[in-house]
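Below is one structure, written out as structure tokens; comments come after it.
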Amino acid sequence: DAGITQSPRYKITETGRQVTLMCHQTWSHSYMFWYRQDLGHGLRLIYYSAAADITDKGEVPDGYVVSRSKTENFPLTLESATRSQTSVYFCATKRQHGYTFGSGTRLTVV
Amino acid sequence: AQSVTQLGSHVSVSEGALVLLRCNYSSSVPPYLFWYVQYPNQGLQLLLKYTSAATLVKGINGFEAEFKKSETSFHLTKPSAHMSDAAEYFCAVSGEETSGSRLTFGEGTQLTVNP
């Protein structure tokens with residue numbers, strides 16, 4: 001089915017480990033986004049990408065790295081996970097005035 | 001710069017009563033405005049969006065919102081609440097190309113519907 005897929009759905013990792021969250025779209029939408037959702041903060045933008053090989057920082061980029069070598073994939077990497085990065089992460093794409101969100105990845109850093 | 005303020009982190013209504021969730025925005029350019037709903041352990045589902053056409057926007061599940069430029073508001077309403085409306089609701093604004101097409105969200109409003 002066409003859509004946006006995030007993996008894994010749930011992840012537990014240890015402090016200091018590197019972890020990568022995957023986001024894949026079956027469309028060819030130019031814009032892709034990574035948000036984190038935390039209680040009391042709503043959703044905050046981490047990074048976004050306007051096209052392959054074009055990425056830019058959002059509101060809370062520290063501790064995260066992104067890449068976009070192909071239009072359909074937009075992985076998010078935590079280079080050295082910290083407990084403050086425990087959160088629910090959502091990937092999204094944009095087409096015209098519509099934004100579509102993935103189902104999210106619940107990440108716990110212990 | 002753009003921002004969203006949702007007034008009231010928790011709203012409680014009785015089944016059948018009016019639902020009113022408040023959203024005020026700030027944007028340096030004409031905004032596009034959105035309401036999303038999130039059910040427990042799920043992603044975000046678009047309820048409705050304003051994209052500079054009609055100021056009264058109708059969405060899914062009987063919800064609607066009115067864009068009022070003079071008040072910089074985009075409040076969400078539903079005439080009669082249903083138990084299935086219990087969820088978290090997010091208002092969001094996009095300033096389109098001037099802000100990289102990013103969506104900026106409010107902090108969310110948790111809606112409880114009492115029988």
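The values are calculated or read from the model by the stated rules, or taken from the named source; none is laboratory data. Values in this document were obtained by computation on a predicted structure and should not be read as measured data. All Cβ positions, even for glycine, are placed from backbone atoms using ideal geometry, and neighbour counts span all protein chains on display. In case anyone asks, the SASA skips ligands and DNA or RNA and just uses the protein heavy atoms, side chains included. Shrake-Rupley method; radii C 1.70, N 1.55, O 1.52, S 1.80 Å.
Please verify whether segment A:69-86 includes one or more residues that are under 27 Å from B:TYR89 (Cα atoms) and modelled with pLDDT under 95. No, every residue in segment A:69-86 fails to be under 27 Å from B:TYR89 (Cα atoms) and modelled with pLDDT under 95. Does B:SER14 satisfy the condition of being more than 11 Å from the chain's Cα centre (by Cα) and farther than 26 Å from A:TYR47 by Cβ? So B:SER14 passes the test.
Consider segment A:86-98 and keep the residues that are of a type in the set (Val, Ile, Thr) and part of a strand (DSSP E or B). The one that is most open to solvent (accessible area, probe 1.4 Å) is A:VAL88.
Taken over segment A:24-43, residues that are surrounded by 18 or more Cβ atoms within 10 Å (Cβ to Cβ) and either outside any strand (DSSP E or B) or facing another protein chain (nearest Cβ under 9 Å) (or both) amount to 7.
Considered as a group, the residues in segment B:61-86 that are under 12 Å from the mean Cα position of the chain (by Cα) and surrounded by fewer than 20 Cβ atoms within 10 Å (Cβ to Cβ) include one that is farthest from A:GLY3 (Cα to Cα), and that residue is B:SER73.
Within segment B:19-45, the set of residues being open to solvent by 60 Å² or more (accessible area, probe 1.4 Å) and within 11 Å of chain A (Cβ to nearest Cβ) comprises B:ASN41, B:GLN42, B:GLN45.
Listed here are the residues, each with its yes/no results for (1) open to solvent by 10 Å² or more (accessible area, probe 1.4 Å); (2) more than 11 Å from the chain's Cα centre (by Cα); (3) small (Gly, Ala, Ser).
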site	(1), (2), (3)
A:ALA52	yes, yes, yes
A:VAL66	yes, no, no
A:LYS70	yes, yes, no
A:SER84	yes, yes, yes
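Report yes if B:VAL13 is free of Cβ contacts under 8 Å to residues at least 24 places away in the same chain, among the β-branched types (Val, Ile, Thr) and farther than 16 Å from B:LEU103 by Cβ, otherwise no. Here the answer is no, as B:VAL13 does not meet what is asked.
In a residue-by-residue description of segment A:61-83, the property of being within 26 Å of B:THR51 (Cα to Cα) and within 14 Å of another protein chain (Cβ to nearest Cβ) applies to no position. Restricting segment A:13-23 to residues that are touching a Leu at 6+ places or on another chain (Cβ under 9 Å) and open to solvent by less than 50 Å² (accessible area, probe 1.4 Å) leaves a set whose member that is nearest to the other protein chains (Cβ to nearest Cβ) is A:CYS23.
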